[in-house]
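What follows is a single structure, written as structure tokens, with notes after it.
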Amino acid sequence: MWPRRVFLTVVLALAALMIAIIDRQETFEPSQRRLSNQNVRSLNGFADPKSSSLRSGTITKTYMDLVDDDAPLPQYSIKSVIQAANLVQSRYLLLRYDPASDKFIGYYSNNHLYVSGCHKLTYAVKQLTMIMRALFPERFTPDSPELVLAVQAGDYPDAMPYRPCVTKNLNAPCNKSLLSAAPVLTFGSVFSNPLFPNMMGFPMPGEHLTCFTRWATRKEVCPFFQHNSDWSTLTWEQLKPQLVWRGTDFRFLSIQKGYVRPTVEKYVQLQTDPDVDQNEATTALLKQDFSKLLPRWKGVVLTAESELEARRTNTLPKVNIKFPSSSLKEREWEQIGFPGIGERMDKSELATYKYHIDLGGGGGTTWTGTNAFRLDGEAGVGRDASAEAKEIADNASLLMEKLGQPEGFEALFVRHMLNPLVKVIEAYQPMNLRDDAAWNDAFAKVGGDQFTPLIECDATANCRTLEAAKDYDERDPNHTPFDQLKWN
């Protein structure tokens, strides 16, 4: 039951790149210049953790499930892309291909917050336009019909308008209309349950997406997916038998369950008896409220328990989940000996540990494609899962070897970029608007007057954004109205 268990995402070292695997293969060449789904088999044996066959208890198929089944997506229009903006409150873009200028133009809603995370959105748009031009050059010419896409990016969908539904986290859409809504290309994490079946997970902005662009334009596997000096060369027996994690004190999952971050005032300053071990007393208090804590703080509490037990038994603590010193601002935790702060670890150091836990990445980013396990919040990490962990580690190493080869990365690319894009483009119902006047008129009639151009990318992948958009923040009381920003 949830109050007694914390659902955490467990991965072995370097397995965090296990972002969706497929089990069908056929060679794809960009030179084929056609819109066509491709089947790939080069990663046979690796199941995609997001596939409908592995989601327990759900009968709702997401749009990505439809893509996997080679089934068409529901048809959509400009109007439905505008309506889809109501799902979130930030980091959403209406991306239009304009045949007359041969440019992609991204529009941001005047009703949305423009937050710092929007830089991931503009980055994703630039990469996406490069990928689409490389894959489908015949679709993007002055003689082509217009295309409109819904694009969002960020660590997770900013679905605050649907917060009650997200909190319940049921195996059903938040609204039945989402079963036929416009597809939303989501460059970042999507919900594991089909709360928003039209949100389609694409690679995270950053090295993941850049590597997909490199494959689309040059057919090269980037070094990020290949063996390097950060990978451990130790044998399994030589690795440290601890569960390890390092990352920031980010409010990961707070939108979903209303978890809280513990305060010094409540858990530390109450301990005034000099004869009481303050660390032990604070740990006991935190454990009483274990189910209420943010996932990362749950890990820190398990670490505190593990270190107390190791001190009594003169053994190595089983858990080593801590924040870097720069993340935990309240020094009172450290003053009482509470193990909230840990030594800094780079990739090479992390690769010397047997067991890794992924709590939304390191800074609050993605937990995409990792294997989910239950970690008992009452018993801690008491049982010996070494054999299971070694099997996961072996599979992860084998997977990364495959993804570092052209045939393996091609399978990943086809499954998570080519095939979804084909289906989304085919589902759009163009109005064949050939000039700005016709577009502006049609756009305004369906609510487009509530959107402002944010980014524009030409055929050579040169993109320009609105002046000061990078630092723009709607929450600043002195901000310029979004629709009054100028092009740079």
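The values are calculated or read from the model by the stated rules, or taken from the named source; none is laboratory data. The shown structure was predicted, so the numbers you read here are calculated from the model rather than taken from an experiment. Every residue, glycine among them, receives a Cβ derived from its backbone with ideal geometry; neighbour counts consider all protein chains shown. Just so you know, the surface numbers come from the protein's heavy atoms only, side chains and all, with ligands and any DNA or RNA stripped out. Shrake-Rupley method; radii C 1.70, N 1.55, O 1.52, S 1.80 Å.
One table, with the values for the structure above:
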quantity: Breaking point among (1) under 16 Å from the mean Cα position of the chain (by Cα); (2) assigned to a helix (DSSP H, G or I); (3) modelled with pLDDT of 95 or more, for Thr217; calculated: (1)
quantity: Residues satisfying the stated conditions in the range 158-185, i.e. surrounded by 15 or more Cβ atoms within 10 Å (Cβ to Cβ), touching a Ser or Thr at 6+ places or on another chain (Cβ under 9 Å) and hydrophobic (A, V, I, L, M, F, W, C); calculated: Ala172, Leu179, Ala181, Ala182
quantity: Residue satisfying all of: in the range 67-87; crowded, with 21+ Cβ neighbours inside 10 Å and not hydrophobic (A, V, I, L, M, F, W, C); farthest from Gln429 (Cα to Cα) among these; calculated: Asp68
quantity: Single residue of Ala372, Ala385 found to be open to solvent by 50 Å² or more (accessible area, probe 1.4 Å), among the aliphatic types (A, V, I, L, M) and either out of contact with any Leu (no Cβ under 8 Å at 6 or more places or on another chain) or modelled with pLDDT under 80 (or both); calculated: Ala372
quantity: Inter-residue pairs, beta-carbon under 6 Å, first in a strand (DSSP E or B) and in the range 153-166, second open to solvent by less than 20 Å² (accessible area, probe 1.4 Å), 6+ apart; calculated: Ala153/Leu121; Ala153/Ala124; Ala153/Phe187; Ala153/Gly188; Gly154/Gly117; Gly154/Gly188
quantity: Residue in the range 186-195 that is nearest to Phe413 (Cα to Cα), counting only those that are part of a loop (DSSP other than H, G, I, E, B) and open to solvent by less than 10 Å² (accessible area, probe 1.4 Å); calculated: Ser189
quantity: Within the range 286-306, tally of residues that are of a type outside the set (S, T, N, Q) and surrounded by fewer than 16 Cβ atoms within 10 Å (Cβ to Cβ); calculated: 2
quantity: Counted residues, the range 88-108 - those being under 23 Å from the mean Cα position of the chain (by Cα) and open to solvent by less than 10 Å² (accessible area, probe 1.4 Å); calculated: 8
quantity: Qualifying residue in the range 354-362 (condition: farther than 27 Å from Gly188 by Cβ and at pLDDT 85 or above); calculated: yes
quantity: Residues of the range 327-350 satisfying the condition of being modelled with pLDDT under 85, part of a loop (DSSP other than H, G, I, E, B) and either within 26 Å of the chain's Cα centre (by Cα) or surrounded by 14 or more Cβ atoms within 10 Å (Cβ to Cβ) (or both); calculated: Ser327, Leu328, Glu330, Asp346
quantity: Matching residues in the range 307-322 - criterion: being surrounded by fewer than 23 Cβ atoms within 10 Å (Cβ to Cβ) and not basic (Lys, Arg); calculated: Glu307, Leu308, Glu309, Ala310, Thr313, Asn314, Thr315, Leu316, Pro317
quantity: Matching residues, the range 308-326, being under 33 Å from the mean Cα position of the chain (by Cα) and of a type in the set (Val, Ile, Thr); calculated: Val319, Ile321
quantity: Of the criteria (1) in contact (Cβ under 8 Å) with a residue 24 or more places away in the chain; (2) out of contact with any Pro (no Cβ under 9 Å at 6 or more places or on another chain); (3) open to solvent by 10 Å² or more (accessible area, probe 1.4 Å), which one Asp143 fails; calculated: (2)
